[in-house]
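S.K.: Structure in C-alpha cells, see below.
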Amino acid sequence: DQQVKQNSPSLSVQEGRISILNCDYTNSMFDYFLWYKKYPAEGPTFLISISSIKDKNEDGRFTVFLNKSAKHLSLHIVPSQPGDSAVYFCAATAGSARQLTFGSGTQLTVLP
Amino acid sequence: NAGVTQTPKFRILKIGQSMTLQCAQDMNHNYMYWYRQDPGMGLKLIYYSVGAGITDKGEVPNGYNVSRSTTEDFPLRLELAAPSQTSVYFCASSSGASYGYTFGSGTRLTVV
C-alpha cells in the first residue's frame with residue numbers, strides 16, 4: 001500500500017511557465033514533507049521541505065504548498081528552466097529515525 | 001568534500017552469488033540509510049542506522065544484511081543474489097538535525 005503517491009509519471013511545460021507537481025499521502029502521522037530532485041545516474045538531491053505545522057514554504061523559484069485536510073502537497077516552480085528537467089520525488093517522514101517514505105516520482109521536462 | 005561515497009557503481013552478479021555494497025560518509029552523520037529504486041518506482045527503505053552499533057529493518061529487508069561498526073561506514077550485504085534484487089541501490093546519510101538526506105550516486109546491480 002503506497003503511503004505517498006505521485007499520480008503523474010510525467011509533466012512537460014514550456015520554459016518560463018509554471019510547473020506544478022503534485023503528491024498525495026495517506027498516513028496522518030507524517031509530520032514533515034520533502035521534495036527531492038534526481039538527474040540520471042546521480043543520487044537524489046534535497047530541494048525543499050515543509051513542516052506539517054505550515055501550509056507554505058518558499059525558496060527562490062520553488063514553493064511547496066501543504067493541504068493537510070486533503071493530505072495533498074504540491075511543488076511550484078516559477079519560472080521553469082530547462083535545467084529543471086529531472087525526476088522529482090515527494091517524500092514524507094513520521095519516524096524518530098527520520099526514515100523517509102518516497103513517492104514514485106514525476107519526470108519533469110521543460111521545453112525551450 | 002566527498003559526502004557519501006558508494007562503491008562499486010555497477011555490478012553484475014550471477015544468481016546465488018554474494019556481494020557487499022560499500023557506503024562511506026565523511027560528514028560525521030549519525031543516521032545512515034539504504035534504499036533501492038526499481039524502474040518506475042520510488043525509493044524503498046531496506047535498512048537504516050541511527051548510530052554505530054545500531055541497525056534496524058526498513059520496508060524491504062529480506063535478502064539483505066547490514067552492519068555499522070563505525071560512524072563512517074554502512075555496508076549492505078547481499079547473500080544468495082536473486083533476479084528480484086536487480087535494482088539501483090542508494091545509500092544516504094543525515095545529521096539528524098534536519099530531515100534532508102545526502103545521497104550517494106548509487107550502485108546499479110544486475111542479477112542474472
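S.K.: Where only protein heavy atoms count, and the probe is 1.4 Å, what is the accessible area per residue for the protein assembly as shown in Å²?
M.R.: 47 Å²
S.K.: Considering only protein heavy atoms and a 1.4 Å probe, what is the carbon-and-sulfur percentage of the accessible area of segment B:1-107?
M.R.: Using a 1.4 Å probe with all protein chains present, segment B:1-107 comes out at 51 percent carbon and sulfur.
S.K.: To continue, here is another question. Which value, in Å² and to the nearest 10, is the accessible area of B:THR102 when all protein chains are kept and the probe is 1.4 Å?
M.R.: We get 50 Å² for B:THR102.
S.K.: Tell me, what is the percent relative contact order of chain B, built from C-alpha pairs under 8 Å that lie six or more residues apart?
M.R.: Answer for chain B is 36 percent.
S.K.: Follow-up. For segment A:73-112, take the alpha-carbon Rg, divide it by the Kirkwood Rh, and send me Rg/Rh.
M.R.: Computed over Cα atoms, the ratio is 1.11.
S.K.: Mean separation of Cα pairs under 8 Å and 6+ residues apart, divided by the residue count of chain A: what relative contact order is that in percent?
M.R.: It rounds to 37 percent for chain A.
S.K.: Take the Cα coordinates of chain B, assign each an equal point scatterer, and use the Debye formula without solvent to give log10 I(q)/I(0) at q = 0.17, 0.19, 0.20, 0.24 Å⁻¹.
M.R.: Here the Debye-derived log intensity ratios amount to -0.74, -0.92, -1.02, -1.43.
S.K.: Still on this model: Based on the Cα atoms of the protein assembly as shown, what semi-axes does the equivalent ellipsoid have, where each is the square root of 5 times one gyration tensor eigenvalue, given in whole Å with the largest first?
M.R.: So the equivalent ellipsoid measures 30, 20, 16 Å along its semi-axes.
S.K.: Mind grabbing the interface size between A and B? I mean buried accessible area, both sides, 1.4 Å probe, in Å² to the nearest hundred.
M.R.: Heavy-atom accessible area buried at this interface is about 1600 Å².
S.K.: Measure off 7 Å from each Cα along the Cα-to-Cβ vector at B:GLN22 and A:SER69, then give the distance between these two points in nanometres to one decimal.
M.R.: 5.5 nm
S.K.: Which value in nm describes the separation of the simple spin-label points at B:LYS9 and A:SER51, placed 7 Å from the Cα toward the beta carbon?
M.R.: 4.0 nm
S.K.: Can you tell me the relative contact order of segment A:14-53? Whole percent, Cα pairs under 8 Å, sequence separation 6 or more.
M.R.: Relative contact order comes out at 35 percent.
S.K.: Taking 22 Å as R0, compute the FRET efficiency from the Cβ-Cβ separation of A:SER8 and B:LYS44 and round it to 0.05.
M.R.: Once the sixth-power term is evaluated, E becomes 0.65.
S.K.: Quick one: 3J(HN,Hα) in Hz for segment B:96-101, Karplus 6.51/-1.76/1.60 with θ = phi - 60°, rounded, Gly and Pro as x.
M.R.: Here the 3J(HN,Hα) series is x, 6, 9, 8, x, 9 Hz.
S.K.: Let me ask something else about it. Over chain A, how many percent of alpha carbon pairs lie in each 10 Å bin up to the one with the longest distance?
M.R.: 15, 49, 30, 6, 0
S.K.: Using a 1.4 Å probe on the protein heavy atoms only, what accessible surface does B:LYS44 show? Give it in Å² to the nearest 10.
M.R.: Its accessible surface works out to 60 Å², give or take rounding.
S.K.: Can you give me the % of accessible surface on chain A that is carbon or sulfur? Probe 1.4 Å, all protein chains present, nothing else counted.
M.R.: About 48 percent, which is the carbon plus sulfur part of the accessible surface.
S.K.: For segment B:20-27, in order, what is each residue's ³J(HN,Hα) by Karplus, 6.51 cos²θ - 1.76 cosθ + 1.60 with θ = phi - 60°, in whole Hz (x at glycine and Pro)?
M.R.: With coefficients 6.51, -1.76 and 1.60, one gets 10, 8, 8, 9, 9, 10, 10, 9 Hz.
S.K.: Only Lys, Arg, Asp and Glu count, each charged at its Cβ (+1, +1, -1, -1), so figure out the dipole size of chain A about its Cα centre, rounded to 20 debye.
M.R.: Dipole magnitude for chain A comes out near 100 debye.
S.K.: Given H placed on each backbone N at 1.01 Å, which residues far from B:GLY58 in sequence or on other chains put an amide H within less than 5 Å of it?
M.R.: For B:GLY58, the qualifying residues are B:TYR47, B:TYR48.
S.K.: So what does A:GLU58 come to for accessible area, using a 1.4 Å probe and Å² rounded to 10?
M.R.: Surface open to solvent at A:GLU58 totals about 120 Å².
S.K.: List for segment B:26-59: residues with 50 Å² or greater reduction in accessible area, all protein chains versus chain alone, probe 1.4 Å?
M.R.: SASA drop of 50 Å² or more in segment B:26-59: B:LEU43.
S.K.: How far apart, in nm, are the 7 Å Cα→Cβ label points at B:ALA52 and B:ASN65?
M.R.: 2.2 nm
S.K.: Please compare each pair in A:LYS5/A:LYS37; A:LYS5/B:LYS44; A:LYS5/A:LYS54 to a cut-off of 18 Å on the Cα-Cα distance and tell me which ones are over it.
M.R.: Violating the 18 Å Cα-Cα cut-off are A:LYS5/A:LYS54.
The values are calculated or read from the model by the stated rules, or taken from the named source; none is laboratory data. These figures come from a predicted structure and were not determined experimentally. Heads up, the Cβs are rebuilt from the backbone with ideal geometry, glycines too, and the neighbour counts pull from every protein chain shown. The area values use the complete protein model at the heavy-atom level, side chains included, leaving out ligands, DNA and RNA. Shrake-Rupley method; radii C 1.70, N 1.55, O 1.52, S 1.80 Å.
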